1. Mind checking which residues of segment 96-118 are at negative phi and either part of a strand (DSSP E or B) or small (Gly, Ala, Ser) (or both)?
2. When you look at residue 183, is it loosely packed, with under 15 Cβ neighbours inside 10 Å and in contact with a strand residue (DSSP E or B) (Cβ under 9 Å, 6 or more places away or on another chain), yes or no?
3. Check segment 30-42 and report whether any residue there is β-branched (Val, Ile, Thr), at pLDDT 95 or above, in contact with a strand residue (DSSP E or B) (Cβ under 8 Å, 6 or more places away or on another chain) and buried (at least 18 other Cβ atoms within 10 Å of the Cβ).
4. Could you please find all residues in segment 98-126 being away from the ligand (no atom under 16 Å from the Cβ), in contact (Cβ under 8 Å) with a residue 40 or more places away in the chain and among the charged types (D, E, K, R)?
5. Take the residues of segment 318-330 that are β-branched (Val, Ile, Thr) and within 14 Å of residue 140 (Cα to Cα): which is farthest from the ligand (Cβ to nearest atom)?
6. Examine segment 254-268 for a residue that is within 14 Å of the ligand (Cβ to nearest atom), open to solvent by 10 Å² or more (accessible area, probe 1.4 Å) and in a strand (DSSP E or B), and state whether such a residue exists.
7. Within the bounds of segment 40-58, is there any residue that is among the hydroxyl-bearing types (Ser, Thr, Tyr) and over 29 Å from residue 321 (Cβ atoms)?
8. Taking the condition over 20 Å from the mean Cα position of the chain (by Cα) and touching a residue at least 60 places away in the same chain (Cβ under 8 Å), does residue 186 pass?
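The values are calculated or read from the model by the stated rules, or taken from the named source; none is laboratory data. Computed from a predicted model, the values in this text were never measured in an experiment. Note: ideal-geometry Cβ built from the backbone for every residue, glycine included; neighbour counts use all protein chains shown. Ligands, DNA and RNA are stripped out before the accessible areas are found, and what is left, the full protein with its side chains, is counted by its heavy atoms. Shrake-Rupley method; radii C 1.70, N 1.55, O 1.52, S 1.80 Å.
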Amino acid sequence: MKYREVLEAAVRAPSGDNCQPWRFVIDGDVIRIFNLPDKDTSLFNHRQRASFVAHGALLENLSIAASAHGYTLDISLFPDSSAPNLVAAVRMNKGSTSADPLSPCIPKRCTNRKRYNGGSLSTAETQTLLAAAERIPGGKVALTGSDREKSEIADVIALNDRLIFENEHLHAFLFDHVRWNDREARERADGLDIKTLELAPPDSFAFPLLKSWPLVSFLKQFGVPRIIAGSARKLALSAAAIGVISVSGKGDKECVCAGRLIERVWLEATRLDLSFQLMTGITLLMRRVLDGETEKLSPQHVEQIRKAYGTVASRFGIEDGSVFIMFRVGRCGPPSVYSMRYPIDKVVEAR
Ligand SMILES: Cc1cc2nc3c(=O)[nH]c(=O)nc-3n(C[C@H](O)[C@H](O)[C@H](O)COP(=O)(O)O)c2cc1C
């Protein structure tokens, strides 16, 4: 297959619950990249925004990996208004170009959900992560390492995990995507391998029981969702810094740009040997609420999400209507396992 190595690097990109919502058609020197809307039916993926962010990360990988093979790309985003699932048409041009130094980081990049070791980022590390925004018009990276500010944002992050155990739709989507053992993770090649959740006892024993929605609803009266939210809060606070990337505008193209930017920041963090996790479900729900799509969310949850938006927007100076994604970054040991990907032949069609 033409461009096999470049495409294998591209699909190492992150996607919501590792749903890999993409398919490629290679036609000569043009690669068409399609979104598969049925892959992510979660409340987080309002108007396919989460999937378009994943496509942005994929395009960034594609562009970086292509440079290492001597290609430059002409990328045309959403080139056909009658084909909304066609995210990009990419022309591969062979020529002399220098390899992007981030290329070796693509296979090393991963989500690390362990507890981090606190500490702080050095000035040089901070500057490197902030500088990633320079390549994306309208893009911005903001970081905070102050305990007070981290605590404020950790409350917002904790809200997301609480909602997952208080909202049946969010709960169902998460548990549909958990792969419970090595064999299932390998055979399905998508979703969240249970080992990537880095659960330590007693959480690792309790987690399979929480798959049952009737049990979770019953446990709500004993404050179980709040206890789970407390764990997410501690994870956020263990980071050296919590960050946000934003891109001004709220259209589909801006979501793709946000994905490109987050992937660059993540690859830079990988190059610096830093661990990284997106903690961004709540920012995706915020967009849904701001668009007035509140069906399937309780009025209390809508109110809490609105309040959380105000906190993050004022803390990080987010312009009204920007696309934004939150993450934590810091230091800890390597993840227990890397997540799987579909074999490349399963997602590419050559003409
Ligand atoms: C738009 C988007 C939102 C995500 N949100 C979260 C999140 O809130 N929490 C989390 O742990 N991972 C989140 N992820 C990371 C994915 O779960 C992860 O990329 C995927 O499982 C593949 O694993 P990898 O990053 O190790 O390759 C998100 C990814 C994307 C693209």
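1. Filtering segment 96-118 down to residues at negative phi leaves 96-117.
Hits for segment 96-118 are 96, 98, 99, 103.
2. On the way: loosely packed, with under 15 Cβ neighbours inside 10 Å: yes; in contact with a strand residue (DSSP E or B) (Cβ under 9 Å, 6 or more places away or on another chain): no.
So residue 183 fails the test.
3. yes
4. 125
5. The residue in question is 318.
6. Looking through segment 254-268, none of the residues is within 14 Å of the ligand (Cβ to nearest atom), open to solvent by 10 Å² or more (accessible area, probe 1.4 Å) and in a strand (DSSP E or B).
7. No, segment 40-58 contains no residue that is among the hydroxyl-bearing types (Ser, Thr, Tyr) and over 29 Å from residue 321 (Cβ atoms).
8. So residue 186 passes the test.
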